[in-house]
1. Mind checking whether some residue in the stretch B:397-404 is more than 20 Å from B:Y218 (Cβ to Cβ), assigned to a helix (DSSP H, G or I) and within 14 Å of another protein chain (Cβ to nearest Cβ)?
2. When residues of the stretch B:128-147 are filtered for being of a type in the set (A, V, I, L, M) and over 14 Å from B:V76 (Cβ atoms), how many remain?
3. Could you tell me whether the stretch C:32-50 includes any residue that is basic (K, R) and assigned to a helix (DSSP H, G or I)?
4. Kindly check whether there is at least one residue in the stretch A:200-215 that is within 25 Å of A:N9 (Cα to Cα), in the same structural domain as A:Q13 (by TED's automatic domain parsing) and assigned to a strand (DSSP E or B).
5. Whether any residue in the stretch B:414-428 is at pLDDT below 95, of a type outside the set (A, V, I, L, M, F, W, C) and part of a loop (DSSP other than H, G, I, E, B) is what I want to check.
6. Given the structure, is C:Y152 among the aromatic types (F, W, Y) and surrounded by fewer than 17 Cβ atoms within 10 Å (Cβ to Cβ)?
7. Going through the stretch A:100-130 one residue at a time, which ones are surrounded by 15 or more Cβ atoms within 10 Å (Cβ to Cβ) and farther than 17 Å from A:V84 by Cα?
8. Restricting to the stretch B:278-299, what's the tally of residues that are among the polar types (S, T, N, Q) and either away from chain C (no Cβ under 11 Å) or in contact (Cβ under 8 Å) with a residue 40 or more places away in the chain (or both)?
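The values are calculated or read from the model by the stated rules, or taken from the named source; none is laboratory data. The shown structure was predicted, so the numbers you read here are calculated from the model rather than taken from an experiment. Every residue, glycine among them, receives a Cβ derived from its backbone with ideal geometry; neighbour counts consider all protein chains shown.
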Amino acid sequence: MIVDLEACNFQQQGLEMYRLISELYPICRSITGDGVRKTLHILQQLIPLEIHEVPTGTKVFDWTVPKEWNVREAYVKNSKGEKVIDFQASNLHLLNYSVPIHKTIALSELKEHLFTLPEHPDLIPYRTSYYKENWGFCLSHNALQKLEEDEYEVYIDSSLEDGHLTYGEYYLPGETDDEVLFSCHICHPSLCNDNLSGIALATFLVKHLSSQSRRYSYRFLFIPGTIGSITWLALNETKTDRIKHGLVISGVGDAGKMTYKKSRQGDAEIDRAVIHILKHKGEEYAIEEFSPYGYDERQYCSPGFNLPVGRLTRTPFGQYPQYHTSADNLDFVKPESLANSSMTYLAVIDVLENNRIYINTNPKCEPQLGKRGLYGTLGGEQDKKMSEMAMLWVLNLSDRTHSLLDIANRSGISFQVIKRSAIALLQAGLLRESSEVIRNDLRAGSAMSLIA
Amino acid sequence: MIVDLEACNFQQQGLEMYRLISELYPICRSITGDGVRKTLHILQQLIPLEIHEVPTGTKVFDWTVPKEWNVREAYVKNSKGEKVIDFQASNLHLLNYSVPIHKTIALSELKEHLFTLPEHPDLIPYRTSYYKENWGFCLSHNALQKLEEDEYEVYIDSSLEDGHLTYGEYYLPGETDDEVLFSCHICHPSLCNDNLSGIALATFLVKHLSSQSRRYSYRFLFIPGTIGSITWLALNETKTDRIKHGLVISGVGDAGKMTYKKSRQGDAEIDRAVIHILKHKGEEYAIEEFSPYGYDERQYCSPGFNLPVGRLTRTPFGQYPQYHTSADNLDFVKPESLANSSMTYLAVIDVLENNRIYINTNPKCEPQLGKRGLYGTLGGEQDKKMSEMAMLWVLNLSDRTHSLLDIANRSGISFQVIKRSAIALLQAGLLRESSEVIRNDLRAGSAMSLIA
Amino acid sequence: MIVDLEACNFQQQGLEMYRLISELYPICRSITGDGVRKTLHILQQLIPLEIHEVPTGTKVFDWTVPKEWNVREAYVKNSKGEKVIDFQASNLHLLNYSVPIHKTIALSELKEHLFTLPEHPDLIPYRTSYYKENWGFCLSHNALQKLEEDEYEVYIDSSLEDGHLTYGEYYLPGETDDEVLFSCHICHPSLCNDNLSGIALATFLVKHLSSQSRRYSYRFLFIPGTIGSITWLALNETKTDRIKHGLVISGVGDAGKMTYKKSRQGDAEIDRAVIHILKHKGEEYAIEEFSPYGYDERQYCSPGFNLPVGRLTRTPFGQYPQYHTSADNLDFVKPESLANSSMTYLAVIDVLENNRIYINTNPKCEPQLGKRGLYGTLGGEQDKKMSEMAMLWVLNLSDRTHSLLDIANRSGISFQVIKRSAIALLQAGLLRESSEVIRNDLRAGSAMSLIA
């Protein structure tokens, strides 16, 4: 498969991703419950997603699938009967996983259950209490300041009961069983960048890849953060060694520069592929070393799995003031940023799909390119010079030990140009395919053994 | 053993070390003789030092233990009978290892045996002539200028005869036979930083470590420079493979920044431990690559031994103008510098004592820290965040291939915090001890083989 | 062999090289033909060169030896019978490998066969058409501008016929069969730096090395670019594994700084030797990574050979405006630059000849240098200090794993000083020669295997 980046109408794709985000925005999601189901059903209208339901109480490694949480209504009323905080206005107002409550209390007691951001007094924070039973409301600090001494009716019509953890999965088979994993989280309520942008981009990738021939098989996970990836890994442990490359998708809709966080392996093919693409993209970018804190790469990169899974975002979580607040809204994500992110993801996939080891069939001295019409066959004068250099590099380094990506990196020429040159040389019989396996040193047998 | 840096009263320790330096300062030491014996006897009042006497003529590798040198009196008198140079005023005045002489000579002949520092006209230089028989006096250049044409009586009441080379040794056993070596030289006369500061710090370490439980055994050597370490190595050759880490202590009393000179191995655990501590200490420091010039690390790091022994000083020898002059006196060393140096040494020992490889007992996905009360159990909000990160790092990297020091270095978190987190995880059953050996690649079998 | 750089009269050598360049300058060379033969015959008067003739049509790997080209006369006359372009004035005027032609044509048709450099309107460019039959003239852009509408008589009295490719070779045997290869190209007409400077330097090296004892054997190739090295490699394939080090010589006469382009191996002994010499030479220099574009290193470093052959020039080809123009003339090359280049080449040879692994016979602690008179035996005070340090380094690192060049690089001391110290230690019995082989990791078995 060759991703034809020029043929792909990214502007159009950006707008479609933005529309999907708009549709999903109002839904109150959590790590379990009907909000997740509703979200996945909407996605099923676009892609043939499989929906899994895992019962409360299921043991998943060191964890247990929690009770399912649902909420119908939640508010705080003052003594005049005015709703001073209302879940209907914004689902962020409710502490996620709040237990049901209905009582009237003084302001002082109420305040113990209110969360604000004094440093951003206009914004509603997003807070959760998954593993410690509690109730609470989030509101802007300005709104808090306006609350007078009064008796307040607190009403949360929620349920926390045995049920299921729900997640979506889609497996797109390719020529081989080797898999590329894309994972996004679906557990945040009305938050656009930190949640919905990843869902939208994953959906776009499914649609795009479905229409292409594929060397790799692709697995897409739409899961609640942390408990979702732990659950999937626990239930699919035997499949994990098929995962040759992976990315956690999230935060791909803001206007910031792209940021890649390396896998724990640090020099896996996915790491080298993403870094190559970002280097040659002509835009600012940032590279972060692996750390065991973040999104679901924490689980994929735990030492017992050590999968080659990195994280490709725009501005990293926690590094923008809108993060986990009501300001991560439909104004914060941009169709053009979504388009730019999706183009980057496709370019990375293009590297993975086309990165092979070829063998120079004529390794003693250079072959005579001129007599085969290989000089100046590709594009204009500047392109010609570059493609000649690319051909010389591919021939010189196709010695069983360098993949095309290695050659691109050593030559400083983009993978796209190296790939095109390799194809021309292959067609001219100057290269043949190798059965050599691409070096992924740290990968092979690198998951921590449990045998002492 | 955990070194409790906060519990140790460093200010007090600095003053005690300074007092010891003051007591030892007037003694005329050399590579052999009664000055060394007197020095070691004073130390014996503080620590149970073993004193060794090695006879003149003993073959020690390519060297021979020299004759023993002692001096009672030495002066130069002018024709009026005035002592113009007097050993009693400063033992630096006498060329160390001067042979006995008594004659009257003209100024011109005398001048051939006088040493000064024209660039520092107030200072008396320190000079020796161990391996070439000679006599001479050292004086300030100003004093030299004042000497008039005259006949001078030169009197040196010294002896250079068969006797012994004397050194002190103290072995402090620990849980294992693996040793940490601390070596300081004791052969300089009235020089404070380049000699006495190292002796004082080594004495402090003996006292401190004696009262602690110890994983390692500790060996302290108080030896004359060069010939002393050569002698010890020759007489203790079979013990040297127990030395797993070592430091040459010297020049630890001046006000300059700390400077670490790496062992010949360059990446031994001692190198990584010292560099880690200096990095996290929050003060300026310098790192030097190994070179075969310097103090006794020259011998410990000779290719036939190649021991992992570095050198931890403040300003390196030769890089301060007071070096090897009468200005390296009691004003030049500072109690607070001695205290700071001793704290650094203890922090390094703390790393060595506690650096282990643990194994994550729950390597597939993260364990649920919350249900074990491991979130927020240690200290304030900032501490809490740091210790959570430290726990995640320890869990993520405890895969049999990373020691706690490796984890500290990769995470950028101080060893102290990593260590505390590891202990908490160990207590919670989330880690277990490993029998894996800490990587010291260059060490294992690295001493130069003598078999061709 | 020790190259005594001080004994060599470089100024004289520079003038002799310049005289040789002057003699060869007028000859019209190409990749085949009598110009090459005449050039080699002149060289034969200086050095006992062997001249090889390879017939047209000989298959050499993917290439075929081309027809032989010769030219007697060539001009363009205007309708007044004036020669407006004349091969006799400069052999650059003729497109190299032009086929014979004689006809009268209009300016417009003529212009399709004229080549100029508009950006350097005074200079005649150098152009070739070896593998596509064509005819043409090169001239200054100013001269082109002066051509008026007219009928022009075009006359090229050349021949392109079966014949031979001619090259020169000289093999200078040494103590071992291991070879050092020096290769220069001889296919350019009146171009001084890009051609003749390399020929002159190679000739000087033959003369110099002939009078020396040699550890290595030396092979000198005077060959047409590309097709010449391909031909030599094809006809001498079985000899290539004797080549342990090599340099392509070219562009060594301009006033620019020296530039080393690494071999494909990148860390071969020749790479380390040249870089060491350039670092310690005290002049500006540049290091380039290998790339598969350039002079004949392209062929020597093709993956089926992967020979440790770098390229040592002054300003690299294409990076000076005189390159491949009439300005690369006798004014552009300087006797002092040629002298400086030859000194650098000899210094590199000195490293190769003397780089050995020695073994410290006394590896446990330092040997006592003083009793052997090894202190201060070599030169002045500063030299003495340096040579003492060099002795300590040599002793410390002569542990079977470091060559003298490794020791020079780790210590930062020049190879010359390290070598002298090693000789002194060897004479004192403190070193012995080792049978260990110098590390050339990437070399051993690194040529691409043809067995799948």
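1. Checking the stretch B:397-404: at least one residue is more than 20 Å from B:Y218 (Cβ to Cβ), assigned to a helix (DSSP H, G or I) and within 14 Å of another protein chain (Cβ to nearest Cβ).
2. Residues in the stretch B:128-147 being of a type in the set (A, V, I, L, M) and over 14 Å from B:V76 (Cβ atoms): 0 in total.
3. yes
4. No; the residues of the stretch A:200-215 include none that is within 25 Å of A:N9 (Cα to Cα), in the same structural domain as A:Q13 (by TED's automatic domain parsing) and assigned to a strand (DSSP E or B).
5. No - not one qualifying residue is present in the stretch B:414-428.
6. Considered against the rule, which asks whether it is among the aromatic types (F, W, Y) and surrounded by fewer than 17 Cβ atoms within 10 Å (Cβ to Cβ), C:Y152 comes out as no.
7. Of everything in the stretch A:100-130, those that are surrounded by 15 or more Cβ atoms within 10 Å (Cβ to Cβ) and farther than 17 Å from A:V84 by Cα turn out to be A:L117, A:H120, A:Y126, A:R127, A:T128, A:Y130.
8. Qualifying residue count for the region: 1.
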